[in-house]
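Each value in this text was obtained by applying a stated rule to the coordinates, not by laboratory testing. In this text, all values refer to a predicted model and were calculated from it rather than measured experimentally. Positions of Cβ are backbone-derived with ideal geometry, glycine not excepted, and every protein chain shown enters the neighbour counts.
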């Protein structure tokens, strides 16, 4: 079993970046600027966190996920002006809880940036 702790505060949870179909950085919305804005002050111990645990095949096959903040859609995070394939990069910050002599401790886990493709379909307002 892996016990992870997910921040409920978006300013320390995920940092987003996006590149447009031409490789240029995409302008962030006000909402996006709040996400990951304070990662450098990631807490040393859980404060306003939620547990996220996954049980593997060695268990009865159940798993439990309690969500942190709901993630907004890409177009709520970035000003996507033209149709095409965009590249959304996320740097995710979590904590792993572990037992040490005398109590618990938590390790900050930063998942290296993960990039996914996001397609903005062509609309009638797009110029050919």
Which order results if 22, 93, 108 are arranged by neighbouring Cβ count within 10 Å, fewest first?
22, 108, 93
Estimated inter-spin distance, residue 40 and residue 19, nm [label 7 Å along Cα→Cβ]:
2.5
For the pair residue 47 and residue 70, the simple spin-label estimate (label points 7 Å beyond Cα toward Cβ) gives in nm 2.7
